[in-house]
Every structure is written in structure tokens, then in C-alpha cells.
Amino acid sequence: MKWEGNRESDNVEDRRSGGGGGFSGGGGLGPLGALLSGRLGVGTIVIALLGGWVLGINPLTILNALSGGGAPTAQVQQAPAQRPPADDKMAKFVSTVLADTEDVWGEVFAKGGGTYRNPKLVLFRGATPTACGQGQSAMGPFYCPADQKVYIDLGFYETLQKQLGAPGDFAQAYVIAHEVGHHVQNLLGISAKVQEARSRASEAEGNALSVRLELQADCFAGVWAHHANNARQLLEDGDVAEAMNAAAKIGDDALQRGAGRSVVPESFTHGSSAQRQRWFDKGLKTGSVKGCDTFSSRSL
């Protein structure tokens, strides 16, 4: 991926100084402690973490439920937000990817007669407060619609590569673009409609709505890649394969198999590997926001 030397976003908050914040008080180590103590398996944790990518749902709630705990009671000490150090290559990378999403979505919204509001990208370690509840590294990357911020512990990329088997810089860019896709849904009012519908739906129906929401975010990530490549020729040989591999590795069916569990489509919240690949690819090939209407599509 050709990203070095491109514009970096000013909308990055670095909360990592002094350890980036940590829990004080509260009841034990929570879901991470459950993993370390053996009460929850790695596969189960991975499913829960990635399940927390559903827009508007705090993944920490899922993790605490799996570990047998109630609502989180720990308090988080937040480090002051600042710009990332100039010599931090990974921070520079995500800042550049964020800037590129700003450029693409700014143009897309303008052509549609709208105005795009840039989200913030928060870098943290350990734990950090959000408007959607307390966030921690074990949750993986997530978007909080209440404060319009994307949160990520950059250590997640090591998990993506070593535990999930999805290496590559474009796979990493796909993660950011997917979360920004949720921001686009928020601005368009899609997420609010889905949340309202989910509040009246059964569990199975709610899961089905979540799948369509997530697949649309994958498609929006493809839309970004389409326009970014047309404008700046970002893609190199193997980049698309990296993103498609990442989409496959985080499909609900792949995660359930990886955890040694039966594949239960009714429990899917993000879609199968094939579905996630299909919708990312559709956005990448067409560059069309309207083409990402997963809610009207009969076949996912």
C-alpha cells in the first residue's frame, strides 16, 4: 500500500502517554482475567471482541457477560490527549489512512449535496473512557456514535496478524475504513434506524439487522478503497488479497469454527466470511454508496 508521504489527519487523539490509562478499583481483571485464568477460551474471547464491532453496542458489555461479570465498575484514568509522536510509524500510518478516508468521504458527501463531518481517531493503551462506556484494549477497534470517535489500541494489529492470520498494511487499513464506515452510517442516519428496529425485534431478527449493518460498513470500506485508489493509486500487488483475507478471517463462521464451535448462522452479527468478502469487493469495484444497500438486498 502506497501511503508514505501522503497527508496525515489532524483528527487523531493520542492517549497513550503514561500507559494510556488503566483501571483502578473495580472487581478483578474482567474478561481479560477470565481469559488468562482459563475460564474463557481464546476463541470465545475473539468471537466476543469482534462481535463488539456492532455499531452502538459497547463490546465491553459482551465481554463482561461472557466472563460472568455484571456491568463494569472500574474507573479509568485517562491520559491527556495529544498528537502522536512524529517518529511513531504505526501512528503515522493510521493518521494517513484516516486522512484518506476524510478526503474520500468529504468528496462523496459533497457530490451528494451533503457535508461530511470528520470523526476523531483515538489511540489508547489499556483502557480509556468513551461516550459509549468504558473502553479497553481487549475490545478491539470500535466506533462510538455518541462521540463520533473511532477507538483503537494499535496492539490489535499484532493480534490481527499473529492470532487471526491476517497480515499486511492494507488489512490494517481495512480495519480503520470499516470503523469509518460505521461513522458514515451514523451521519446518514442509518445506524439510528437500525438501532430503533433492533429494539423492537427478536434476538434472531436483531442479529440479522446487525449483519446487514456490518456488511454495509464492509462495503463502505470498499467504496473508500475504490476512490482512494482512483485518486492516489494507493494499491499495490497483493493489497486487495490482504483485505479479502482479513474479511474472511473475521467472518462469523470462521470465528465460530476457530473456537471449536458449531456454525450457527442465526447467531451471526457480522456475516459469514464469504459475505464480508463479497460486500467489500462490491464497494471496491463499484465505488457506489447506493450499491451498498444491504438492507434492500435479498441475497447477502
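The values are calculated or read from the model by the stated rules, or taken from the named source; none is laboratory data. Just so it is clear, the structure is predicted and the values come from calculations on it, not from any experiment. Note that we place each Cβ from the backbone using ideal geometry, even for glycine, and neighbour counts take in every protein chain shown.
Points to keep in mind about this one:
- Test: residue in region 116-126 that is among the hydroxyl-bearing types (Ser, Thr, Tyr), free of Cβ contacts under 8 Å to residues at least 12 places away in the same chain and in a loop (DSSP other than H, G, I, E, B): no
- Residue in region 166-188 that is of a type in the set (S, T, N, Q), over 17 Å from the mean Cα position of the chain (by Cα) and more than 28 Å from GLY238 (Cβ to Cβ) present: no
- Residues in region 256-290 that are surrounded by fewer than 16 Cβ atoms within 10 Å (Cβ to Cβ), under 23 Å from ILE190 (Cα atoms) and not basic (Lys, Arg): GLU266, SER267, THR286, SER288.
- Only residues that are among the hydrophobic types (A, V, I, L, M, F, W, C) and over 13 Å from ARG276 (Cβ atoms) were counted across region 182-223, and they come to 12.
- Scanning region 258-300 for residues that are assigned to a loop (DSSP other than H, G, I, E, B), over 29 Å from SER202 (Cβ atoms) and not hydroxyl-bearing (Ser, Thr, Tyr) yields GLY287, VAL289.
- Residue within region 151-174 that is touching a residue at least 40 places away in the same chain (Cβ under 8 Å) and assigned to a strand (DSSP E or B) present: yes
- Of the residues THR115, THR101, THR128, the single one that is of a type in the set (Ser, Thr, Tyr), modelled with pLDDT of 95 or more and crowded, with 23+ Cβ neighbours inside 10 Å is THR101.
- All of LEU255, LEU187, LEU234, LEU213 fail the test of being touching a residue at least 12 places away in the same chain (Cβ under 8 Å) and not in a helix (DSSP H, G or I), apart from LEU234.
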